Amino acid sequence: MSMLFILLIMTSCTTKKDDTPVPEKQTKKTEFDTYCNPVDIDYSYMSHYAYRGVSYRSGADPAVINYKGKFYMFVTRSHGYWVSDDMSHWKFIKPQSWYFNGSNAPAAAVLNDEIIVLGDPSGHGAVIKTNNPELGDWQTTYSVIPISIQDPDLFVDDNGKVYLYEESSNLYPLRAVELDPNNHFVPKEEQKDLFKLHPDQHGWERFGQDHKSDIDPYLEGPWMSKHNGKYYLEYSAPGTQWNVYADGVYTSDSPLGPFEYAPYNPISYKPGGFLTGAGHGSTVKDNQGHYWHFASMPISVNYKFERRIGMFPAGFEDDQMYVNTAYGDYPHYLPHVELEDNKNRFTGWMLLTYKKPATSNSTISGVERKVVDESDTGFMLEQEEPNYSAAMVTDENIRTYWVAENSSDSLYLQVDLEKEMTVNAVQLNFQDFNSNIFGRPDTLKYQFTIDYSTDGKNWSTMFDYSKNERDQPHAYIELEEPVEARYVRYNNLHIPHKYLAISDFRVFGKGHEAVPATPANFKANRQEDRRNANLTWEPSDSAIGYVVYWGIRKDRLNNSVMIYEKNAYELRALNTNQKYYYQVEAFSENGTSEKSPILETE
């Protein structure tokens, strides 16, 4: 069916409204047509530091597979896994039998009529399997694989052969071996070394925040995909706790290599925005034939391995793999929404709350936060200053948060959009401040209402979640019909914590004024260290931020970074022997500008 686009005649940048071509959608009957990262699931609470009284949720290293039309997501140390038939509603499964200490960076694949998994946290174990994952009657295959396994991936080829890829180290190479599914999955031969990191040539493989550490980076998180007969072995670097955690890919005509480094690496990279990082992922095909990439995204406040799950459109352009993370923490269309271009599923709904005034009737003081701070080791980002004021909920930083004195049902949090705007969706990101929850209690829930007003006096209900029984730490709610609002207010009813803490209260939709002008005087200069480039442009009036795109072909600028306010960026993710192309656009609550002319550097 042909798609209808809204086409407006382009006029002066100072007067035009947003012309971003967002295709009309054709939907099946479902609650929401959109989602917003991080994926809103009931993340498990970790117990590693219970003896120090530090409680935090985490979800990382997602292995997502399509089994009989349903999606199963296996996540590190979650004491079970999730299932969904639409990638929107995820139900947690407590299996009949599972790893007592939770799986660690689990591998999952479909073999014949069963799911096979490998994820024993000890690093030594047998493949387990089931043909009834929603019951979870997992059975062992008995033979403990005689390899010390870290971050495994199981890949089943079209001919039924099974391969194991594994490693998580800043010393050893990624390794692979064929397993015998007819003989308890024992290795058929010795492991084969495949490749190591080369941070001296690949800028994105360097360790630390923004790739600025001299510590040796970590190679981990393999995942094999096959497309048109070619093997794409994804891998992660440089470290899960950093904003630049990413996935790259090596390609081959054989599952055991030899493998060739893809010159367009990294493929999954999100160094900026509200929630950063897009590494240790898995790529899965949906029931409409489109690809999606699930990845780990760090928070690293309560502990360096405090993480969440992100979901991004992915695919292949000829033989080039891509993951589109542009506007990756703004609302995107779900798989069932048919679009002309699966690569671009951004709704066009903009953030309306950036740096907008926020008020509340309570702010904590005199309470020391309980965290595991390892920033002095060089393996964790430094903590933010302990400012718990309401202003923190509109700063687009998931690592800062407002904290109230308690969690009573009289608490409210209000944001003034400063102008009347169209509201399409809201996301509430609750934070674990001095939590005392461990494991997976089944009593957790968030109950609240959200009101809106055009004048701050007369209020209407936007959402009523007063009877909500779901555990939603990142509650994303799409309106059935958009509303006009200037003020949006959260009213607390019940949360499972002593203190109400919200990292960001995010409202999405569109303003009614002109979009920003295209950034002028865009410049790109490669540094003497060819892994880096300096990008600059003139500020665009009314812009709140910019998105910079780059790639190795003019028509495939597949990598991007979102930058708030600043009009310069040091790009440190380049490959030394590669030519690059660059482009920039401005954005605001009213939409996006036209993109700049494309620049190139040798």
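In nm, to one decimal, how far is the S148 label point from the Q288 one, both placed 7 Å along Cα→Cβ?
4.6 nm
Once Rh for segment 205-312 is found with the Kirkwood sum over Cα pairs, what is the Stokes-Einstein diffusion coefficient at 37 °C and 0.692 mPa s, in µm²/s?
On the way: Rh = 14.3 Å.
Stokes-Einstein gives a translational diffusion coefficient of 230 µm²/s.
If the limit is 20 Å between Cα atoms, which of K161/K226; K94/K129; K68/K343; K94/K445; K554/K595; K68/K270 go over it?
K68/K343; K68/K270
Whenever you get a sec, line up E220, E480, E384 from highest to lowest accessible area (probe 1.4 Å, protein heavy atoms).
The residues order as E480, E384, E220, largest area first.
Could you tell me how many cubic angstrom of Cα convex hull volume segment 345-406 has per residue?
144 Å³
Given H placed 1.01 Å from N in the peptide plane, which residues other than close sequence neighbours of Y81 have an amide H under 5 Å from its amide H?
I93
Probe of 1.4 angstrom, ligands and nucleic acids ignored: what's the accessible area per residue over segment 64-174, in square angstrom?
On a per-residue basis, 39 Å².
Per residue, what accessible area does segment 245-372 have, given a 1.4 Å probe and all protein chains present, in Å²?
I get 27 Å² per residue for segment 245-372.
Could you grab the relative contact order for the chain? Cα pairs under 8 Å, six or more apart, rounded to a whole percent.
Here the relative contact order equals 14 percent.
Among 48-60, 368-380, what's the highest-first ranking by average C-beta atoms within 10 angstrom per residue?
Packing proxy ranking, top to bottom: 48-60, 368-380.
Each label point is 7 Å from the Cα along the Cα-to-Cβ direction; what then is the distance between the points at S466 and S375, in nm?
Going by the 7 Å Cα→Cβ label model, 4.2 nm.
With every protein chain left in place, what is the accessible area per residue of segment 514-602 in square angstrom, probe 1.4 Å? Intermediate values should be presented prior to the final figure.
Details: 3620 Å² over 89 residues.
Ligands and nucleic acids excluded, the figure is 41 Å² per residue.
Over all directions, what mean area does the Cα convex hull of the chain project, stated in square nanometres?
26.3 nm²
Find the Cα radius of gyration of segment 367-492, compare it with 2.2 N^0.38 Å by division, and give the number to two decimals.
1.21
When the accessible area of segment 347-460 is computed with all protein chains present and a 1.4 Å probe, what percentage of it is carbon and sulfur?
Numbers: 1970 of 4730 Å².
The C+S portion of the solvent-accessible surface of segment 347-460 is 42 percent.
Roughly to the nearest percent, how much of the accessible area of segment 112-228 is carbon and sulfur, given a 1.4 Å probe?
41 percent
The values are calculated or read from the model by the stated rules, or taken from the named source; none is laboratory data. Note that the structure is a prediction, hence the values are computed from the model and not measured. Note that we place each Cβ from the backbone using ideal geometry, even for glycine, and neighbour counts take in every protein chain shown. Side chains are part of the model used for accessible areas, which takes the heavy atoms of the whole protein and leaves out ligands, DNA and RNA. Shrake-Rupley method; radii C 1.70, N 1.55, O 1.52, S 1.80 Å.
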